[in-house]
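Reviewing the structure listed below.
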Amino acid sequence: MRIRVVTWLVTGMFLLLIFGLLNLEVIHGRAYRDLGNKNCVRLIGQDGSRGRIIDRQGGVIAASKLSYDFMILPQDQPQEEKIISSASRILHKSVKDLKNAFKNNYISSSLPVMLARSISIKEAIALDELKVDLPAIIVQPNPVRHYPYAKLACHILGYVGEIDRWRLTKLEDYGYKTKDIVGFGGVEEKYDYYLRQEEGGTSFEVDHRGKFIRTLGFRPPLNGKDIQLTLDIKIQKIAEDYLSGRKGSVVIMDPYTGEIFAMASAPGFSPSVFAEKNNSAISGLFNNSNSPLMNRAISGAYPPGSVFKLVVAAAALENKKINLNTSFLCQGATLVGRRQFKCWSTHGQQNLLEAITHSCDVFFYKTGLLVGPQVLHDYALKFGFSRTTSFELPYEVPGFIPSPLWRKINKFKNWFDGDTANLSIGQGEVLATPLQIARMTAVFANDGFLVRPYIVKTIDGRDISAYQRKLEKLNLKKATVEHIREGLEKVVNAPTGTASVLSGLAVNIAGKTGTAQAPPGQSHGWFAGFFPLKNPKFVICVFLERGSSGHVACVVTKQIIQEMLNQGLI
């Protein structure tokens with residue numbers, strides 16, 4: 001009986017074994033063979049070049065330069081020592097250093113080990129010639145992002161770096177993967193999908209121990225698409241040169257189309273430190289209290305001060321609260337309720353043109369009170385405030401315009417005449433970006449149209465500017481635009497105008513100064529204007545954070561325009 005049981009057990013075991021072999025060889029044989037073949041094939045990825053970013057004239061402002069990396073596939077010890085010894089003579093590095101690099105960078109027997117990064121092209125060629133006798137050598141081209149103008153236009157361009165977890169979770173379905181190089185900020189981030197390259201690489205066969213056997217094939221990588229900007233790199237350089245050493249922003253724009261010729265923000269940064277993975281420099285940028293990574297033109301919202309008076313003037317004229325003959329007496333201050341609101345000077349009797357010319361606060365306090373806070377709020381929104389301009393670069397902020405209803409709902413407080421007085425001179429809770437101020441100023445240069453600013457002209461040679469341009473007719477009375485424009489001309493050309501320092505230039509300018517209080521530090525300085533006076537080609541907004549006054553902003557504006565004249569750019 002026992003013998004019979006043992007016989008059945010042995011027979012059953014053999015049947016199971018035979019069935020298992022049939023399952024492996026016949027039923028699932030093809031699948032396992034395919035899996036085995038895949039396990040013996042390895043791929044060394046090779047990146048193409050990221051798309052170039054060029055200015056309106058075709059000048060390259062961001063590209064990729066070729067760097068070369070030296071790697072080897074792990075082999076038996078004598079073979080590895082032979083490769084390292086040969087490479088040591090070519091790279092002028094000690095055998096000990098290369099062995100340490102091999103030890104530190106080793107991951108597995110089937111993956112290449114990095115021995116040296118960014119070797120010269122002569123060294124790369126010499127190492128590549130050794131591959132005839134030492135096929136485990138890999139010389140890998142590695143395009144690295146390069147910015148030929150260093151810091152110039154850094155906030156427009158942005159920078160590149162390894163993808164973070166937040167972006168990866170959002171972009172994984174679009175083909176992005178761990179360790180991909182992607183754009184952060186500016187054009188690099190907004191148009192990363194077009195700029196990014198498609199990976200290629202070399203496939204090779206390994207044995208069951210992961211040792212290199214032979215190369216199987218090569219698929220070339222695809223380069224990213226080029227992007228052309230509306231930016232004029234010469235004007236951009238002038239703006240950045242004269243903004244250097246200060247905190248602030250300069251925006252220069254076409255008043256009819258919204259094309260950005262220059263958008264400078266200071267302080268700036270070098271995008272190359274991110275491409276080169278200079279960790280100490282990167283850490284310094286993120287910890288810098290001056291926020292060098294922030295594009296102040298679109299991401300900084302500040303009280304606009306007296307440049308906001310143009311909105312007040314337009315609202316008052318459109319609603320027939322004042323006309324050119326309306327005048328108010330400025331004695332250096334006026335009572336609003338029980339509080340005295342001061343003017344920066346004593347101007348005497350002022351009409352609208354004189355009040356714009358001299359930036360008389362008293363005139364605009366009284367005008368604002370006549371118009372009322374809700375109408376002022378509504379006209380500010382009409383001129384593009386308290387919402388983004390739809391500019392294509394990321395991280396644009398909307399600014400803010402307060403209203404009685406907002407105050408009631410959000411702060412449970414009433415609105416008082418003093419709040420209206422502050423709103424009338426661009427103070428209190430009013431916040432605007434330099435780009436919004438430039439956009440508002442363009443309305444008086446182009447006869448009443450609100451433009452949408454844009455900076456990308458073509459993608460991969462395809463002109464998209466027609467899709468970028470958008471004009472919104474504000475339906476202002478012709479007389480309203482003409483009266484305010486006449487006042488802006490007097491600001492510069494009248495001897496007592498607040499921007500008279502600009503009157504000596506070889507081109508006629510119109511504009512408005514602004515000095516915005518920002519306790520506890522110095523005031524912000526603004527100048528927003530356009531030139532030439534007839535058929536304007538440029539709108540300019542100069543903002544100086546803690547710049548003390550609008551006069552200082554005028555001085556910087558004069559330097560910029562004078563240099564543009566010197567270089568024949570106007």
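The values are calculated or read from the model by the stated rules, or taken from the named source; none is laboratory data. Bear in mind that the values here come from a model prediction, so they are computed numbers and not experimental data. So basically every Cβ, Gly included, is an ideal-geometry build from the backbone, and we count neighbours across all protein chains shown. With ligands, DNA and RNA removed, areas are computed over all heavy atoms of the protein, side chains included. Shrake-Rupley method; radii C 1.70, N 1.55, O 1.52, S 1.80 Å.
Is there a residue in region 355-366 that is outside any helix (DSSP H, G or I), closer than 23 Å to residue 450 by Cα and of a type in the set (Gly, Ala, Ser)?
So far as region 355-366 goes, no, none of its residues is outside any helix (DSSP H, G or I), closer than 23 Å to residue 450 by Cα and of a type in the set (Gly, Ala, Ser).
In region 519-570, how many are of a type outside the set (Gly, Ala, Ser), out of contact with any Gly (no Cβ under 9 Å at 6 or more places or on another chain), more than 16 Å from residue 236 (Cβ to Cβ) and modelled with pLDDT under 95?
The total comes to 5.
Tally the residues that are open to solvent by 50 Å² or more (accessible area, probe 1.4 Å), among the polar types (S, T, N, Q) and farther than 30 Å from residue 350 by Cα, restricting the search to region 292-330.
So the answer is 0.
In region 389-438, how many are open to solvent by 30 Å² or more (accessible area, probe 1.4 Å) and either free of Cβ contacts under 8 Å to residues at least 12 places away in the same chain or under 20 Å from residue 372 (Cα atoms) (or both)?
19
Check whether at least one residue in region 457-478 is of a type in the set (Gly, Ala, Ser) and at pLDDT 95 or above, and report yes or no.
Pass one, region 457-478, residues of a type in the set (Gly, Ala, Ser): 461, 465-466.
Pick out the ones that are also at pLDDT 95 or above and you get none.
No, because not a single residue in region 457-478 is of a type in the set (Gly, Ala, Ser) and at pLDDT 95 or above.
Please go through (1) open to solvent by less than 40 Å² (accessible area, probe 1.4 Å); (2) in contact (Cβ under 8 Å) with a residue 24 or more places away in the chain; (3) not aliphatic (A, V, I, L, M) for residue 167 and return the number of the only condition it doesn't satisfy.
Residue 167 satisfies every listed condition except (2).
Please work out which residue is modelled with the lowest pLDDT, limiting yourself to region 263-290 and to residues that are surrounded by 16 or more Cβ atoms within 10 Å (Cβ to Cβ) and of a type in the set (Gly, Ala, Ser).
By that ranking, first place goes to 275.
State yes or no: is residue 85 farther than 16 Å from residue 135 by Cβ, open to solvent by less than 90 Å² (accessible area, probe 1.4 Å) and free of Cβ contacts under 8 Å to residues at least 40 places away in the same chain?
In short, yes.
Tell me which of these residue 188 doesn't satisfy, since it passes every other one: (1) open to solvent by 40 Å² or more (accessible area, probe 1.4 Å); (2) of a type in the set (D, E, K, R); (3) outside any strand (DSSP E or B).
(1) is the only condition that residue 188 fails.
Please work out which residue is nearest to residue 491 (Cα to Cα), limiting yourself to region 337-357 and to residues that are of a type in the set (A, V, I, L, M) and in contact with a strand residue (DSSP E or B) (Cβ under 9 Å, 6 or more places away or on another chain).
First, pick out the residues of region 337-357 that are of a type in the set (A, V, I, L, M): 352-353, 355-356.
With the extra rule that they be in contact with a strand residue (DSSP E or B) (Cβ under 9 Å, 6 or more places away or on another chain), the set shrinks to 352, 355-356.
Working: 352: 12, 355: 10, 356: 7 Å.
My answer is 356.
Here are the criteria: (1) at pLDDT 65 or above; (2) over 15 Å from residue 146 (Cα atoms); (3) open to solvent by less than 50 Å² (accessible area, probe 1.4 Å). Tell me which single one residue 56 does not satisfy.
Against the list (1) at pLDDT 65 or above; (2) over 15 Å from residue 146 (Cα atoms); (3) open to solvent by less than 50 Å² (accessible area, probe 1.4 Å), residue 56 comes up short only on (3).
Out of all the residues in region 463-482, which are touching a strand residue (DSSP E or B) at 6+ places or on another chain (Cβ under 8 Å) and open to solvent by less than 40 Å² (accessible area, probe 1.4 Å)?
Scanning region 463-482 gives 464, 465, 468, 474.
Assigned to a loop (DSSP other than H, G, I, E, B) and in contact (Cβ under 8 Å) with a residue 60 or more places away in the chain: does that describe residue 111?
The answer is yes for residue 111.
Residue-by-condition table, conditions (1) closer than 29 Å to residue 178 by Cβ; (2) in a helix (DSSP H, G or I); (3) within 37 Å of the chain's Cα centre (by Cα); (4) touching a residue at least 24 places away in the same chain (Cβ under 8 Å):
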{"site": "81", "(1), (2), (3), (4)": "no, yes, no, no"}
{"site": "90", "(1), (2), (3), (4)": "no, yes, no, yes"}
{"site": "93", "(1), (2), (3), (4)": "no, no, no, no"}
{"site": "100", "(1), (2), (3), (4)": "yes, yes, no, no"}
{"site": "127", "(1), (2), (3), (4)": "yes, yes, no, yes"}
{"site": "131", "(1), (2), (3), (4)": "no, yes, no, no"}
{"site": "149", "(1), (2), (3), (4)": "no, no, yes, yes"}
{"site": "161", "(1), (2), (3), (4)": "yes, no, yes, yes"}
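Return the pair list, or none, for Cβ contacts closer than 8 Å from residues in region 540-552 that are at negative phi to residues that are of a type in the set (D, E, K, R) and open to solvent by less than 30 Å² (accessible area, probe 1.4 Å), at least 6 apart or on different chains.
543/296; 545/296
If you scan region 229-272, which residues turn out to be without any contact (Cβ under 8 Å) to a residue 24 or more places away in the chain and of a type outside the set (S, T, N, Q)?
Answer for region 229-272, where residues must be without any contact (Cβ under 8 Å) to a residue 24 or more places away in the chain and of a type outside the set (S, T, N, Q): just 245.
Contact list please: Cβ distance under 8 Å, first residue in region 341-369 and at positive phi and modelled with pLDDT of 95 or more, second residue surrounded by 19 or more Cβ atoms within 10 Å (Cβ to Cβ) and β-branched (Val, Ile, Thr), pairs at least six apart or on different chains.
What qualifies is 359/491; 359/498; 359/513.
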